[in-house]
Amino acid sequence: MKRRDFIKKSSLSALTAWVGSSMILNACHTEEDMIGEPNWIVEGSFDRPLIVPSINNGSASLNAQFSVSEILKGKSSTTLSYGNGLLGPTIRANTGDTVGVTLQNSLSEETNIHWHGLILPEDMDGHPKDVASPGGSLNYSLPIIQRAGTYWYHPHPHGSTAKQVFMGLAGMFIVNDPEEASLNLPSGEFEVPIIIQDKHFEGNNLEYSPVDDEIMTGYLGEQILVNGLHAPYLSVASGWYRLRVLNGSTARVYNLALSAGKQMVIIGSDGGLLPSPETVSNIMLGPGERLDILVDFSDLSVGNEIYLVSNKFSEFNVQGRQSFNLMKFKVDRTSSSNFTLPSSLSTVAVLSPAQSVKTRILDIAQMIGGEGGHGGMGRHSINGKIFEMDRVDETVSAGTTEIWEFDNSAGDEIHPMHIHGVQFQILERVGGRNKIIASEKGWKDTILLMPGEKVKVIMTFPDYTGVFVFHCHNLEHEDDGMMLNYKIV
Ligand code: C2O
Ligand code: CU
């Protein structure tokens with residue numbers, strides 16, 4: 001079924017109920033919306049300066065509300081926001097701090113916040129059962145007990161996570177510590193957050209209305225935003241920059257690279273710095289994952305321009321069949337920085353399989369209930385189960401180490417798997433890409449499984465007892481029920 005038919009048949013009332021009457025619903029789609037065809041990317045003119053979200057040092061007050069933003073040049077769109085426009089402030093804290101955040105819910109539906117990658121007590125984690133009603137509020141008190149890293153925050157109400165994130169509710173959460181500070185990495189204007197999200201528009205407005213096929217593949221947009229703006233540019237000096245990259249898309253995977261074959265230095269991923277820098281010419285980044293990248297623009301002269309691009313990575317999937325530009329860097333001045341890349345970055349204590357007390361196999365390739373769900377295609381599951389709020393699916397012991405094997409070897413979809421409440425290390429990937437990539441050599445909380453892949457991760461559970469979730473971070477899959485509870489006892 002084409003999306004426009006679906007919109008006419010069933011989603012009009014649901015959409016207008018939550019976003020008001022400004023949503024434009026009658027725009028047409030082309031044949032490219034048919035099953036199996038990519039939503040081809042539409043590039044912009046790269047002539048608006050990148051917006052850097054405001055920085056909130058320590059405690060914050062967030063109001064989830066309706067807003068408007070000029071995401072596409074010259075067009076005003078209705079959004080959801082934690083502030084103005086799209087996205088929330090970047091919250092910054094140091095290891096050892098306790099950060100207080102109040103969330104006011106000014107939406108017409110439930111919401112909450114999950115602090116993606118932070119290790120927190122059960123009642124602070126943003127489990128889908130802990131939500132604020134419309135008009136209500138939540139108070140979070142976040143003890144920061146972990147190392148420096150690029151984390152993020154977003155809503156987690158079951159069934160509406162994807163829509164709320166898509167409409168603009170998300171932000172970065174940066175933790176700093178002395179180990180990181182001792183490296184004197186590029187900072188201030190030379191440290192830039194890069195939040196990448198794809199969006200689908202109808203007319204001027206953002207539209208979130210996945211049909212059955214799009215719940216299968218994930219909802220893919222045609223416009224790629226960086227920090228809430230379509231096709232921006234950043235003026236840079238001809239020296240080193242630190243880019244903290246977050247894939248905040250609901251379902252799109254990027255194969256990031258710089259144009260003209262320029263290399264990038266990966267220094268960190270989800271859970272902070274890698275042991276040592278990894279120089280790459282391209283790197284895959286799935287929904288929910290982060291990268292800490294150093295780029296040296298010193299070989300470019302003033303006036304040169306290069307692009308952050310996503311390279312083609314698939315011949316047959318509904319995504320990855322196209323290379324496209326995300327943003328432009330314009331070198332407009334020389335640099336006076338004298339940063340030199342250190343040969344080692346941080347100490348990462350390696351977890352050994354010998355420490356593991358149990359291996360759990362998690363089958364993520366199965367669809368269940370084929371008759372009932374999504375035009376006979378079934379629903380996304382983990383081990384044949386779909387999410388139930390009050391059912392505990394796995395029980396682990398605080399302080400013990402386990403191996404979890406996510407198995408997508410029989411699957412033909414892309415699943416970025418995320419575990420709340422813990423950081424893990426990758427032991428192996430079998431099938432598909434058949435290797436551990438550069439960004440997977442440190443701590444991770446989200447791991448990308450392409451079709452045919454099976455990945456083993458190892459982790460030690462913290463002493464925070466209680467119920468946490470793990471799920472696919474393709475947010476359409478998550479909302480479809482590809483999420484289970486695990487309990488730390
Ligand atoms: Cu970023 Cu449970 O998610
Ligand atoms: Cu999935």
Examine segment 405-420 for a residue that is surrounded by 19 or more Cβ atoms within 10 Å (Cβ to Cβ), within 26 Å of the chain's Cα centre (by Cα) and of a type in the set (Ser, Thr, Tyr), and state whether such a residue exists. no
Restricting segment 352-389 to residues that are within 16 Å of ligand 1 (Cβ to nearest atom) and within 23 Å of Lys454 (Cβ to Cβ), the one surrounded by the most Cβ atoms within 10 Å (Cβ to Cβ) turns out to be His380
Take Val392 and decide whether it is open to solvent by less than 10 Å² (accessible area, probe 1.4 Å), touching a residue at least 60 places away in the same chain (Cβ under 8 Å) and farther than 21 Å from Ser160 by Cβ. no
Taking segment 127-143 and the residues there that are within 16 Å of ligand 1 (Cβ to nearest atom) and touching a residue at least 40 places away in the same chain (Cβ under 8 Å), the one that is surrounded by the fewest Cβ atoms within 10 Å (Cβ to Cβ) would be Lys129
Which residue is farthest from ligand 1 (Cβ to nearest atom), if the candidates are limited to segment 390-409 and must be closer than 16 Å to Lys456 by Cα and either small (Gly, Ala, Ser) or in a strand (DSSP E or B) (or both)? Ser409
Given the residues Val430, Val455, which is the only one that is farther than 18 Å from Met367 by Cβ, among the aliphatic types (A, V, I, L, M) and away from ligand 2 (no atom under 14 Å from the Cβ)? Val430
Is it fair to say Glu440 is farther than 19 Å from Ser356 by Cα, away from ligand 2 (no atom under 13 Å from the Cβ) and under 16 Å from the mean Cα position of the chain (by Cα)? yes
Residue check, Glu189 in a helix (DSSP H, G or I) and surrounded by fewer than 18 Cβ atoms within 10 Å (Cβ to Cβ): yes
Can you tell me how many residues in segment 132-166 are of a type in the set (Val, Ile, Thr) and out of contact with any strand residue (DSSP E or B) (no Cβ under 9 Å at 6 or more places or on another chain)? 1
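Quick check on this structure: which one of Gly88, Gly96 is on the phi > 0 side of the Ramachandran plot and at pLDDT 95 or above?
Exactly one residue qualifies, and that residue is Gly96.
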Residues (in contact with a strand residue (DSSP E or B) (Cβ under 8 Å, 6 or more places away or on another chain), within 16 Å of ligand 2 (Cβ to nearest atom) and of a type outside the set (A, V, I, L, M, F, W, C)) located in segment 443-452: Asp445, Thr446
How many residues, within segment 440-470, are open to solvent by 20 Å² or more (accessible area, probe 1.4 Å) and either aromatic (Phe, Trp, Tyr) or out of contact with any Gly (no Cβ under 9 Å at 6 or more places or on another chain) (or both)? 6
Single unsatisfied condition, Leu234 versus (1) at pLDDT below 95; (2) part of a strand (DSSP E or B): (1)
Consider only pairs whose beta carbons are under 7 Å apart and that are at least six residues apart or on different chains; among these, list those whose first residue lies in segment 150-164 and is within 16 Å of ligand 2 (Cβ to nearest atom) and whose second residue is open to solvent by 10 Å² or more (accessible area, probe 1.4 Å). His158/Phe387; His158/Met389; Gly159/Asp479; Thr161/Asp479; Ala162/Asp479
So, in segment 44-77, exactly how many residues are among the aromatic types (Phe, Trp, Tyr) and open to solvent by 50 Å² or more (accessible area, probe 1.4 Å)? 1
If I filter segment 274-291 down to residues being assigned to a strand (DSSP E or B) and open to solvent by 10 Å² or more (accessible area, probe 1.4 Å), which single residue comes out as farthest from Ile306 (Cα to Cα)? Pro275
Here's a check for you: in segment 471-485, which residue that is assigned to a strand (DSSP E or B) and surrounded by 22 or more Cβ atoms within 10 Å (Cβ to Cβ) is farthest from ligand 1 (Cβ to nearest atom)? Asn485
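The values are calculated or read from the model by the stated rules, or taken from the named source; none is laboratory data. The structure displayed is predicted, hence computed values, not measured ones. So basically every Cβ, Gly included, is an ideal-geometry build from the backbone, and we count neighbours across all protein chains shown. Note: accessible area is taken over every heavy atom of the protein model, side chains too, but ligands, DNA and RNA are not part of it. Shrake-Rupley method; radii C 1.70, N 1.55, O 1.52, S 1.80 Å.
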